[in-house]
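Student: Dropping a structure here in structure tokens format, bear with me for questions.
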Amino acid sequence: MPPSIDKKTIEERLRKLDEVITKLEECKKASKEDFLSDFRISDSAMHNLVLGIEIIVDIGNHILNEVFQQHPKEYKEIIEMLGEYKVVPEKFAEENVNMARFRNLIIHQYLKINLNLVYDYLQKAPDIFRKFAKHFQKFLDKI
């Protein structure tokens, strides 16, 4: 393992990602009607979706910096490069590159958030986040 990879720090972030997934699964239990009408559910979902994406990008950026000496400038680049460098399967990276755009939408376009879009993303995000965690762990086990 390269000396600059801090496996403990990555594992802490993976544990936090697991907490985020648990909270998102709880939000998923709400009906779409409840999700759209109850700000506590939609706000919790948005917060944890952004947090999950931040964790994935943070771990990915650390791996790209320390193992491959790559320094992507944008979140989208991080997801793309994780596929290019086989940290995650390339097809999986391509399928999920839009998570960076989704995060930016919530963070920067907060005046125009489409809760229907958030609800739709919530339905698939926990599984996507689990797959990222699995791929990261598999990669760390190899180095």
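The values are calculated or read from the model by the stated rules, or taken from the named source; none is laboratory data. This one's a predicted model, so the numbers in the text were calculated from it and none came from an experiment. Neighbour counts are summed over all protein chains in view; Cβ atoms, including those assigned to glycine, are modelled from backbone coordinates with ideal geometry.
Student: Against the condition farther than 19 Å from I5 by Cα, assigned to a helix (DSSP H, G or I) and either in contact with a helix residue (DSSP H, G or I) (Cβ under 7 Å, 6 or more places away or on another chain) or of a type in the set (V, I, T) (or both), how does R130 come out, does it pass? I'd like the intermediate steps shown before the answer.
Tutor: Values: farther than 19 Å from I5 by Cα: yes; assigned to a helix (DSSP H, G or I): yes; either in contact with a helix residue (DSSP H, G or I) (Cβ under 7 Å, 6 or more places away or on another chain) or of a type in the set (V, I, T) (or both): yes.
For R130, the condition - farther than 19 Å from I5 by Cα, assigned to a helix (DSSP H, G or I) and either in contact with a helix residue (DSSP H, G or I) (Cβ under 7 Å, 6 or more places away or on another chain) or of a type in the set (V, I, T) (or both) - is met.
Student: I've got another one for you. Which pairs have Cβ atoms under 6 Å, sit 6 or more apart or on different chains, and link a residue in the stretch 30-56 that is within 21 Å of N104 (Cβ to Cβ) to one that is in a helix (DSSP H, G or I) and at pLDDT below 95?
Tutor: Going by the 6 Å Cβ cut-off, the qualifying pairs are M46/I106; V50/R103; V50/I106; I53/M99; I53/R103.
Student: What's the total number of residues in the stretch 72-116 that are without any contact (Cβ under 8 Å) to a residue 40 or more places away in the chain, assigned to a helix (DSSP H, G or I) and either closer than 30 Å to E33 by Cβ or in contact with a Ser or Thr (Cβ under 9 Å, 6 or more places away or on another chain) (or both)?
Tutor: Looking only at that region, the number is 10.
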